[in-house]
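First up is the structure itself, then whatever we jot down about it.
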Amino acid sequence: MKNQGNTILITGGGSGIGEALAHRFHDAGNTVIVAGRRQDVLDKAIEGRANMHALTLDVESAEGVADFAKRLLAAHPALNVVINNAGIMRFEDVTKSRDLADAEATITTNLLGPIRILDALIDHLVAQDDAAIVNVTSGLAFVPMTVAPTYCATKAAIHSYTIALREELKGRVEVIELVPPAVQTGLTPGQETRPGYQPLDEFTDQVMVKFMQQPTPREIVVNRAVALRSAEAEGRFDETLTQLNAFAKQAREGQN
């Protein structure tokens, strides 16, 4: 992926990891479009920045994504990079029957959303020079946090989907997976200040160093996520599962 001169779409670009990446890529000399549900949040993310743009996006319906793609390509025909970052995490109690609204919303946003967006844009991307797709997954795609099972399952699915995309688009579109660890963002209540989670600026610094490498790694995994990414391959899965969930529980309870 080239370092500058791109026109980049970042979904979920109004806050957290998406906003941080949007600002860094913009600083590096790229045109950046942030997309999300709330116009006011997007407007704040682009405030005072030339060549940053905001478009609302509703991933909850195929029609909403199709409408977004038309508006996007009409306004930004030079689009050549898509970063699928939008996601939600909901805690669930799977030990008893429950309302599945949270699970269904998570699947729609985290899994169907990127699939729909890429389907709407793929014909355009394959015709562009220096085209790239970046799918943001999670260390939890490889070792799940058990209180968020649907979130972890969607990220595991996007990891698999990314591998398939990379093979199918080889030589036409570069496909990169970004694997964050636990980062201090607003993904869940209180997470911005949760003890032991990686500060957002520190995470973004490390990610951008890897994005600037040539060639860009096909998987961008910062140091804090390596233990999760390699746990199964190194025969540490059961131990890591126990340690991860104990750490996550302690971090959440430490804020109460």
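The values are calculated or read from the model by the stated rules, or taken from the named source; none is laboratory data. From a predicted model like this one, the values you see are computed outputs, not experimental measurements. Positions of Cβ are backbone-derived with ideal geometry, glycine not excepted, and every protein chain shown enters the neighbour counts.
Taking the conditions (1) closer than 17 Å to VAL59 by Cβ; (2) in contact with a helix residue (DSSP H, G or I) (Cβ under 7 Å, 6 or more places away or on another chain) in turn, VAL173 satisfies each one other than (1). I'd like to know if the range 178-190 contains one or more residues that are part of a loop (DSSP other than H, G, I, E, B), touching an Asp or Glu at 6+ places or on another chain (Cβ under 7 Å) and crowded, with 19+ Cβ neighbours inside 10 Å. So far as the range 178-190 goes, yes, one or more of its residues are part of a loop (DSSP other than H, G, I, E, B), touching an Asp or Glu at 6+ places or on another chain (Cβ under 7 Å) and crowded, with 19+ Cβ neighbours inside 10 Å.
Does ALA156 fit the bill of being under 30 Å from LEU125 (Cα atoms) and among the small types (Gly, Ala, Ser)? For ALA156, the condition - under 30 Å from LEU125 (Cα atoms) and among the small types (Gly, Ala, Ser) - is met. Within the range 192-211, the set of residues being touching a residue at least 60 places away in the same chain (Cβ under 8 Å) and either surrounded by 13 or more Cβ atoms within 10 Å (Cβ to Cβ) or basic (Lys, Arg) (or both) comprises ARG194, LEU200, PHE203, THR204, VAL207, MET208, PHE211. Taken over the range 47-76, the criterion of being free of Cβ contacts under 8 Å to residues at least 24 places away in the same chain and out of contact with any Leu (no Cβ under 8 Å at 6 or more places or on another chain) is satisfied by GLU47, GLY48, ALA50, HIS53, ASP58, SER61, GLU63, ASP67, LYS70, ALA74. Candidates ILE17, ILE33, ILE8: the one that is buried (at least 21 other Cβ atoms within 10 Å of the Cβ), under 26 Å from THR106 (Cα atoms), touching a Pro at 6+ places or on another chain (Cβ under 7 Å) and modelled with pLDDT of 95 or more is ILE17.
Just so you know, in the range 214-242 the residues that are of a type in the set (A, V, I, L, M) and part of a helix (DSSP H, G or I) include one that is surrounded by the fewest Cβ atoms within 10 Å (Cβ to Cβ), and it is VAL226. Just one of the listed residues (VAL175, VAL134, VAL143) is touching a Phe, Trp or Tyr at 6+ places or on another chain (Cβ under 9 Å) and in a strand (DSSP E or B), namely VAL134.
Restricting attention to the range 149-177, the residues being surrounded by fewer than 17 Cβ atoms within 10 Å (Cβ to Cβ) and of a type in the set (Phe, Trp, Tyr) number 0.
For first residues located in the range 155-168 and small (Gly, Ala, Ser), partners that are outside any helix (DSSP H, G or I) and lie 6+ apart or on another chain with Cβ distances below 8 Å form the pairs ALA156/THR137; ALA156/PHE142; ALA156/PRO144.
Residue-by-condition table, conditions (1) at pLDDT 95 or above; (2) within 29 Å of GLY171 (Cα to Cα); (3) outside any helix (DSSP H, G or I):
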{"position": "ARG24", "(1), (2), (3)": "yes, yes, no"}
{"position": "GLY29", "(1), (2), (3)": "yes, yes, yes"}
{"position": "HIS53", "(1), (2), (3)": "yes, no, yes"}
{"position": "PHE68", "(1), (2), (3)": "yes, yes, no"}
{"position": "LEU79", "(1), (2), (3)": "yes, yes, yes"}
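Scanning the range 21-36 for residues that are of a type in the set (D, E, K, R) and in contact (Cβ under 8 Å) with a residue 60 or more places away in the chain yields one hit, ARG24. Would you be able to say whether some residue in the range 81-88 is over 18 Å from LEU118 (Cβ atoms), surrounded by 16 or more Cβ atoms within 10 Å (Cβ to Cβ) and within 20 Å of the chain's Cα centre (by Cα)? Taking every residue of the range 81-88 in turn, at least one turns out to be over 18 Å from LEU118 (Cβ atoms), surrounded by 16 or more Cβ atoms within 10 Å (Cβ to Cβ) and within 20 Å of the chain's Cα centre (by Cα).
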